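Here's the structure we're looking at; comments come further down.
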Amino acid sequence: MELLRTPEAMRAWADGRRAGGVRIGLVPTMGYLHEGHASLVRIAAARGCGKVVASIFVNPAQFGPGEDYEKYPRDEARDLATLRAAGTSAVYLPGVADMYPDGYQTYVEVGDVSQGLCGAARPGHFRGVATVVAKLFLAAKPHVAVFGEKDYQQLAVIRALARDLDFGIEIVGAPIVREEDGLAMSSRNAYLKGDDRIAARCLSRGLFRAKALFDGGERDAGKLVAAARKEIKAEPRAALNYAEGRDPVTLAPLSGEVAAVTILVAARVGPARLIDNVTLGT
């Protein structure tokens with residue numbers, strides 16, 4: 001497994017593989033990896049990628065004032081062991097000065113799908129996401145890029161980015177990987193201790209409650225969202241940020257009778273802001 005620490009090294013590696021006719025897969029991460037990330041590497045390989053590169057970069061451009069950029073968990077040795085075990089071919093580990101050198105002034109904005117939800121709660125967040133992903137695409141030159149569906153709005157933003165800027169990259173959404181108790185795997189779960197860790201289950205519990213109603217025949221988007229919201233608000237250690245029903249493709253708000261809906265939730269539990277979602281009817 002090769003380690004590449006500059007954009008120049010990443011581009012040279014990618015150019016060499018492409019020249020040899022190798023299909024490249026990319027798995028962008030911010031590190032502190034878990035089984036969910038490892039599953040993305042395996043999915044990229046299963047999509048016919050002879051080489052899979054993972055990036056590790058905690059991107060300051062997607063953190064707002066007062067957010068957890070400085071405290072975000074980091075463990076490079078552990079991450080590299082996880083990626084090696086998953087079969088990763090190369091790891092791209094640029095520094096902040098490599099990605100945003102002195103004089104840097106170019107950012108990427110994506111429109112409608114970045115509005116509302118986490119876009120409202122974290123102003124500027126998706127501008128930072130779109131910018132860094134565009135830079136990763138240009139450096140790693142992948143044929144396929146894999147992103148987890150836990151960050152559902154982020155995935156929609158990246159699909160729009162790749163489509164609108166003609167990157168010619170296949171964007172693959174990977175299913176959420178959950179802990180045994182239902183909590184969606186997340187690097188920020190490391191912040192949860194004791195009662196907060198138990199309380200965090202309310203997000204997935206709310207989504208599972210909505211799914212049970214949908215499976216039982218309920219098709220009113222408002223009632224499905226209300227079921228998820230009620231479960232989260234009943235947990236005293238959780239502060240609900242949002243619970244909304246959106247179109248699974250466009251992320252447009254939905255109400256009334258629906259054939260399919262994605263329910264997205266976000267809540268703060270102790271020191272952690274957690275997100276989760278479930279898509280019903282597809």
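Quick notes
- The residues in the stretch 94-114 that are in contact with a helix residue (DSSP H, G or I) (Cβ under 8 Å, 6 or more places away or on another chain), of a type outside the set (D, E, K, R) and without any contact (Cβ under 8 Å) to a residue 40 or more places away in the chain can be counted, and the count is 2.
This table checks each residue for (1) outside any loop (DSSP other than H, G, I, E, B); (2) touching a Lys or Arg at 6+ places or on another chain (Cβ under 6 Å); (3) surrounded by fewer than 23 Cβ atoms within 10 Å (Cβ to Cβ).
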{"position": "R127", "(1), (2), (3)": "yes, no, yes"}
{"position": "A134", "(1), (2), (3)": "yes, no, yes"}
{"position": "V146", "(1), (2), (3)": "yes, no, no"}
{"position": "A156", "(1), (2), (3)": "yes, no, no"}
{"position": "R159", "(1), (2), (3)": "yes, no, yes"}
{"position": "R163", "(1), (2), (3)": "yes, no, yes"}
{"position": "D166", "(1), (2), (3)": "no, no, yes"}
{"position": "V172", "(1), (2), (3)": "yes, no, yes"}
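- Filter pass, R237 being under 16 Å from L264 (Cβ atoms) and either in contact with a strand residue (DSSP E or B) (Cβ under 8 Å, 6 or more places away or on another chain) or not aliphatic (A, V, I, L, M) (or both): no
- Matching residues, the stretch 165-194, being touching a residue at least 60 places away in the same chain (Cβ under 8 Å) and among the acidic types (D, E): E170
- Filter result (part of a helix (DSSP H, G or I) and in contact with a strand residue (DSSP E or B) (Cβ under 6 Å, 6 or more places away or on another chain)) within the stretch 82-111: L83
- Of the residues making up the stretch 58-81, those that are part of a helix (DSSP H, G or I) and either charged (D, E, K, R) or not assigned by TED's automatic domain parsing to the domain that holds P123 (or both) are E76, R78, D79.
- Output for the stretch 234-250, where each listed residue is farther than 16 Å from A121 by Cα, buried (at least 19 other Cβ atoms within 10 Å of the Cβ) and touching a residue at least 60 places away in the same chain (Cβ under 8 Å): R246
- Each residue in the stretch 65-77 was checked for being more than 20 Å from the chain's Cα centre (by Cα) and on the phi < 0 side of the Ramachandran plot, and 2 pass.
- In the stretch 81-89 there is no residue matching the filter, namely being touching a helix residue (DSSP H, G or I) at 6+ places or on another chain (Cβ under 8 Å) and within 30 Å of G245 (Cβ to Cβ).
- Condition broken by L83, with the remaining ones in (1) surrounded by 15 or more Cβ atoms within 10 Å (Cβ to Cβ); (2) more than 18 Å from the chain's Cα centre (by Cα) satisfied: (2)
- Taking the stretch 112-125 as the range and being under 22 Å from T262 (Cβ atoms), part of a loop (DSSP other than H, G, I, E, B) and either acidic (D, E) or over 15 Å from the mean Cα position of the chain (by Cα) (or both) as the test, the residues that pass are Q115, G116.
- Across the stretch 225-279, the number of residues qualifying as touching a Phe, Trp or Tyr at 6+ places or on another chain (Cβ under 7 Å) and over 15 Å from L203 (Cβ atoms) comes to 1.
The values are calculated or read from the model by the stated rules, or taken from the named source; none is laboratory data. Note that the structure is predicted; figures quoted are calculated from it, not measured. Cβ atoms come from the backbone with ideal geometry, glycine included; neighbour counts cover every protein chain shown.
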